[in-house]
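S.K.: I have a structure here, written as structure tokens, and I will follow up with some questions on it.
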Amino acid sequence: MIEVELKFQVPAAARRAVQAAVERGASHRTRLRAIYFDTPDRRLAAAGLALRLRHEGSGWVQTAKAGGADAMQRLEHNVALPAPKAARSGAEPGVDPLRHVGTPVGDRLAAALAPGLGEAAAPPLIAHFRTDVLRRHRALRTAGGWVELAFDSGALIAGDKRLAICELEIELLRGQPGAVIAAARRWVERHGVWLDVRSKAQRGDRLARGMAGGPVVKATPVVLDRGMSADAARYAVIANCLLQIMPNASEVASRTADGTAAGGEGADHVHQLRVGLRRLRSALRFFDGWTSPLDPDWGEALTQLFRQLGVARDRDALSASVLPLLRKAGAPLFELPPAPPAPTPAEVLRAPGATLALLAVLAFQIEAQALRSAIVAAPLPRLETPPPLAQAAAIRLDRWHRRIVRAARHYDALEDAERHRLRKRVKRLRYAVEFVASLHRAKAVARYLADVAPLQENLGRYNDLCVGLETYRAAVGEDPRAWFAIGWLTARRDELLAESAKALDHFAASKPFWDAGKTGVKAKRRRRGRR
């Protein structure tokens, strides 16, 4: 079966209110004690699988779970176990992956546990951690169906290590997946719960390993098909962006107030979260005008979230790229001026506005799948029917490419703010190319991206330098030692300007890969030339 649910962390200040709200009406309490199994080398965790035995009421249930198509869906298969002698004596039944044979999650389980090269048999399964949870739960009717509200309080336990659990799960009982979103919005607005896509299995595995946080999640390739519609392509791209955004957002939001609970990787999680958000915003811009209209509200909410996280990014970039260069150049010891008052990245992600923005994207994702067959893509100007996907994408890529080439001709005369906008256009173009790369020859795309990468890198270094200059100019009235940094950065600015101009010239001479295919862009240019 496919389990559809969302999980939220409950702030300490809201726990009593959430518990009282869940227990209102015909609610129930259930003690849940579970044991999670994996191989010694944790093959199930690596494959995104979980296998557990859970004592529910008076019986045991064995469950296998695996990731689904999006952050709301998971494959799940439950097997109720007979409880005679073992249950009466208090003993735990044995775990057996063969109980899930013939199910989708069982097939993935079997593949993960299959003997590898040089192995005579499948590796053994051992208990790695446990959970002990008191669940308060009740059914709730909402727009689109029925959901179950489950407030879990308890602990993850691995040896002598414990991690508190205080979560709200909203699971679809019957109806449309949008019912989960509808219920979630109300609980976010009323109680300030924040979205967390990390499962108990993931958190427990990290606790058992002694890891403070999860890995940083980077972008993965998008796979499109030339025969799909533009709306279907947009859906696939947005879904791909969410695979990067959601886990990084959960890791950032889970950090403690001092930012030390993310395993020392907090800045990397924030960076990859911003990359994911920028990719998503680029996708909205890329498909705008030749796909069906979107609700503009969540696009603006994503922009606001991106900007709030940018405050932390600028300070991190200054510390990582500018300060080491200044120290190497012999700059006097100088403390950076205090950052302007601003919420931490964790506080930004826990705020209701951020969670509601992410819920809006999830709502689009689940609704798009159901509506795609009924959506008629908005035609391009002067075209009676939408063009093939590769051709329509090429028209947009060509426009963005030529805009950057035009800017390259007078780059030296641009103001720094205009150079910053140019840098954002280069990033947007690069992401768009990656979105449609699977529609073209891999070598041609790679050659083009090889020209984009150094340009983006040069413009990025120049932007970081400008941030540093602005920071030290603001501090010079408080500490004259800032003049050294201003002088050195000003000299370095001229060097980076020259390097950026050279990279732009090289990019302007690059050959767009979409001109080499049968996209119709060349023909369109020739028709314009004859007019």
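The values are calculated or read from the model by the stated rules, or taken from the named source; none is laboratory data. This is a predicted model, so every value here is computed, not measured. Here the Cβ positions follow ideal geometry from the backbone for every residue, glycine too, while neighbour counts run over all protein chains shown. Each accessible area value is taken on the protein alone, full model and side chains, heavy atoms only, with ligands, DNA and RNA left out. Shrake-Rupley method; radii C 1.70, N 1.55, O 1.52, S 1.80 Å.
S.K.: Go through region 433-531 and tell me which helices (runs of 4 or more DSSP H), entirely inside it, have 2 or more residues that are modelled with pLDDT of 85 or more and open to solvent by 10 Å² or more (accessible area, probe 1.4 Å).
M.R.: Correct list: 442-475, 482-508.
S.K.: With respect to L53, determine if the residue is over 22 Å from G192 (Cβ atoms), touching a residue at least 24 places away in the same chain (Cβ under 8 Å) and within 27 Å of the chain's Cα centre (by Cα).
M.R.: Details: over 22 Å from G192 (Cβ atoms): yes; touching a residue at least 24 places away in the same chain (Cβ under 8 Å): yes; within 27 Å of the chain's Cα centre (by Cα): no.
Considered against the rule, which asks whether it is over 22 Å from G192 (Cβ atoms), touching a residue at least 24 places away in the same chain (Cβ under 8 Å) and within 27 Å of the chain's Cα centre (by Cα), L53 comes out as no.
S.K.: Oh, and also: Quick check: is even one residue across region 112-123 over 22 Å from S199 (Cα atoms), in contact (Cβ under 8 Å) with a residue 12 or more places away in the chain and either surrounded by fewer than 17 Cβ atoms within 10 Å (Cβ to Cβ) or not aliphatic (A, V, I, L, M) (or both)?
M.R.: Yes - at least one qualifying residue is present in region 112-123.
S.K.: Let me ask something else. So which residues in region 143-169 are touching a residue at least 60 places away in the same chain (Cβ under 8 Å), over 23 Å from M211 (Cα atoms) and surrounded by fewer than 21 Cβ atoms within 10 Å (Cβ to Cβ)?
M.R.: Correct list: E169 only.
S.K.: A further question on this structure: Of the residues that sit in region 336-347 and are closer than 18 Å to A249 by Cβ and open to solvent by 60 Å² or more (accessible area, probe 1.4 Å), which one is modelled with the lowest pLDDT?
M.R.: Result: P343.
S.K.: Something else now. Say whether the condition of being assigned to a helix (DSSP H, G or I) and either farther than 30 Å from I486 by Cβ or among the polar types (S, T, N, Q) (or both) is met by at least one residue in region 420-428.
M.R.: The answer is yes; a qualifying residue exists.
S.K.: Just one of the numbered conditions (1) in contact (Cβ under 8 Å) with a residue 24 or more places away in the chain; (2) of a type in the set (A, V, I, L, M, F, W, C); (3) open to solvent by less than 40 Å² (accessible area, probe 1.4 Å) is not true of V79; which one?
M.R.: Here V79 meets the rest and fails (1).
S.K.: Separate question: Could you list, in sequence order, all residues of region 10-35 that are open to solvent by 20 Å² or more (accessible area, probe 1.4 Å) and assigned to a strand (DSSP E or B)?
M.R.: The first filter runs over region 10-35 and keeps only residues open to solvent by 20 Å² or more (accessible area, probe 1.4 Å), leaving 11-13, 15-17, 19-20, 23-31, 33.
Answer for region 10-35, where residues must be open to solvent by 20 Å² or more (accessible area, probe 1.4 Å) and assigned to a strand (DSSP E or B): H28, R29, T30, R31, R33.
S.K.: Would you point out the residue of region 287-306, among those that are assigned to a helix (DSSP H, G or I) and among the acidic types (D, E), that is modelled with the highest pLDDT?
M.R.: Residues of region 287-306 assigned to a helix (DSSP H, G or I): 287, 296-306.
From the residues that got through so far, the ones that are among the acidic types (D, E) too are 297, 300.
Numbers: D297: 74, E300: 85.
The qualifying residue modelled with the highest pLDDT is E300.
S.K.: Within region 145-155, is there a residue that is among the charged types (D, E, K, R), modelled with pLDDT of 95 or more and under 25 Å from R52 (Cβ atoms)?
M.R.: Yes; the residues of region 145-155 include at least one that is among the charged types (D, E, K, R), modelled with pLDDT of 95 or more and under 25 Å from R52 (Cβ atoms).
S.K.: Only one of L309, L333, L280, L284 is at pLDDT 90 or above and either among the acidic types (D, E) or touching a Lys or Arg at 6+ places or on another chain (Cβ under 9 Å) (or both). Can you tell me which?
M.R.: L284
S.K.: Tally up the residues in region 106-157 that are under 22 Å from A64 (Cβ atoms) and aliphatic (A, V, I, L, M), please.
M.R.: The total comes to 15.
S.K.: Does region 377-391 contain at least one residue that is part of a helix (DSSP H, G or I), at pLDDT below 95 and not hydrophobic (A, V, I, L, M, F, W, C)?
M.R.: For region 377-391, residues part of a helix (DSSP H, G or I), at pLDDT below 95 and not hydrophobic (A, V, I, L, M, F, W, C): present.
S.K.: Determine the pairs where a residue that is under 17 Å from P352 (Cα atoms), located within region 177-202, has a partner that is modelled with pLDDT of 95 or more and of a type in the set (K, R) with Cβ atoms under 6 Å apart, the partner being 6 or more residues away or on another chain.
M.R.: Qualifying pairs under 6 Å: W194/R350; D196/K7.
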